[in-house]
Amino acid sequence: MEDCLAKKMEITVSEAEKRTGRNAMNIQETYTAYLIETRAVESQSEGQCSPVDSLWRRYSEFELLRNYLSVTYPHIVVPPLPEKRADFVWHKLSADNMDPDFVERRRIGLENFLLRVASHPVLCQDKIFYAFLTQEGGWKEMVNETGFQLKADSRLKALNATFRVKNPDKRFTELKHYSDELQSVISHLLRVRARVADRLYGVYKVHGNYGRVFSEWSAIEKEMGDGLQSAGHHMDVYAASIDDILEEEEHYADQLKEYLFYAEALRAVCRKHELMQYDLEMAAQDLTSKKQQCEELATGTVRTFSLKGMTSKLFGQETPEQREAKIKVLEEQIQEGEEQLKSKNLEGRDFVKSAWADIERFKEQKNHDLKEALISYAVMQISMCKKGIQVWTNAKECFSKM
């Protein structure tokens, strides 16, 4: 971790800007660009600061970077991007992806994504990631030249592997179930939070009605007027504070959403392992089949029904020379298949070792982050309740002085 990029470079996504341009289809579109600023951390004498480098990136470029990292490092739980469009929001909050508040929260999420990658012991060393931070022109071409899209597994192949693997690794099966359950629990938690936020908004705004009524009442009272006016003022201040509170609460919701999307990153690692296991089993099956064919040709006995066997019975047996030639070809294929199987076994063991090390790292990070987020959320709720008590305590004092 001492060598990670986050220790050597300050990375910020400092601002967002709405722009208009033409896409690849030459159709005019409106999009948001984000300013990435980087500065080398100098270990020299204090007071000396290196210059800030900056460049603009679109959200789609962040997506391209993450897709590249996911394909290039299949054994790593790649940090997720913030949502492209708002989800699990309370109804007073805009779900428009051009809404300034949403853009601001996404800016924070994109910065968090870059810091996650820059802090990762493996991902931080990737040259494409470094170029993303420092090289504005020609970056997309650099990514595409890696040919990472050709390495990407199709969804159909992944689905096939899921249902046809005969000996799945129990640890990865359990991890996939855990990620499903984690996503389900956090989704439910976010829905409950949105409902609570709705009700909270209503309660605070109703206090504004108290403020208005007390103010109107104070106008017709001589002796009680000042007390009612003061109580109404406290209610108005309390009602107006809800906007800042819910904005802070959205920040905690975004922390939970990050792990909602991390669940999919976990499943991606599990799917890659299933694909490797499926390829290994297919290679082993093919090798067994070739060995059986070779044995049948050498002994002249056919163990299983085959179209070739029926053809030879109908049209005559092969000559010894033809049989020897086929045996020779099969023996070469068997030798090649054994080497391939050995290589796949080795690759699979390396994948499991690397993946499990990164999963353990992720679990430690997750436990720390969610603990901090939930504690902060609880502290915020306690603070809100204390403010409510203080408002009514102040109102009580106002009433007592009447």
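Per the Cα gyration tensor, the chain maps to an equivalent ellipsoid with semi-axes of 62, 26, 20 Å, ordered largest to smallest.
Once the Cβ-Cβ distance of GLU42 and LYS363 is raised to the sixth power relative to R0 = 41 Å, the FRET efficiency obtained is 0.75.
Structure note, pairs LYS18/LYS84; LYS140/LYS344; LYS257/LYS371: Cα-Cα distances above 24 angstrom occur for LYS140/LYS344.
Using a cut-off of 12 Å between beta-carbons, work out the net charge of the residues near PHE214 (Lys and Arg +1, Asp and Glu -1, PHE214 not included). Net charge in that neighbourhood comes out at -3. Straight-line reach from LYS396: taking Cα to Cα under 18 Å and skipping same-chain neighbours fewer than 8 places apart, the lysines in range are LYS386, LYS387. Working note: Cα gyration tensor of region 205-281, eigenvalues times five, square-rooted, sorted largest first, giving semi-axes of 60, 8, 5 Å. Summary of packing: across the peptides 124-134, 190-200, the per-residue average of other C-beta atoms within 10 Å ranks them, highest first, as 124-134, 190-200.
Rounded to the nearest 10 degrees, the inclination of helix 170-218 to the longest alpha-carbon principal axis of the chain is 20 degrees.
When each of the peptides 171-180, 268-277 is scored by how many other beta carbons lie within 10 Å of its residues on average, the order from highest to lowest is 268-277, 171-180.
Relative to the longest principal axis of the chain, what angle (0 to 90°, nearest 10) does the C-alpha long axis of helix 225-240 take? Relative to the chain, helix 225-240 is tipped by roughly 10 degrees. With 19 Å as the limit, the listed pairs LYS127/LYS157; LYS176/LYS272; LYS127/LYS272; LYS176/LYS363; LYS170/LYS291 have LYS127/LYS157; LYS127/LYS272; LYS170/LYS291 beyond it between alpha carbons. Since only GLN277, TYR34, LEU260 are under comparison, the one whose Cα sits farthest along the positive direction of the charge dipole of the chain, derived from C-beta charges on Lys, Arg, Asp and Glu, is GLN277. Estimated from helices alone, the mean residue ellipticity of the chain at 222 nm is -24500 deg cm²/dmol (sum of -39500 (n - 2.57) over DSSP H runs with n ≥ 4, per residue).
Helix 320-400 versus the longest principal axis of the chain: what angle, 0 to 90°, nearest 10, using Cα atoms? In the chain, helix 320-400 runs at an angle near 10 degrees to the longest axis.
In a fully extended conformation the segment linking ASN167 and GLU141 would gain 5.3 nm over its present Cα-Cα distance, using 0.36 nm per residue. For the pair GLU223 and GLN149 in one chain, pulling the backbone fully straight at 0.36 nm per residue adds 18.8 nm over the alpha carbon distance. Scoring 256-262, 335-341 by mean Cβ neighbours within 10 Å over their residues and listing the highest first yields 256-262, 335-341.
Here, each number is a calculation from the coordinates, and none is a lab measurement. Remember, it's a predicted structure, so these values are computed and weren't measured experimentally. Please note: Cβ atoms are built from the backbone with ideal geometry, for glycine as well, and neighbour counts cover all protein chains shown.
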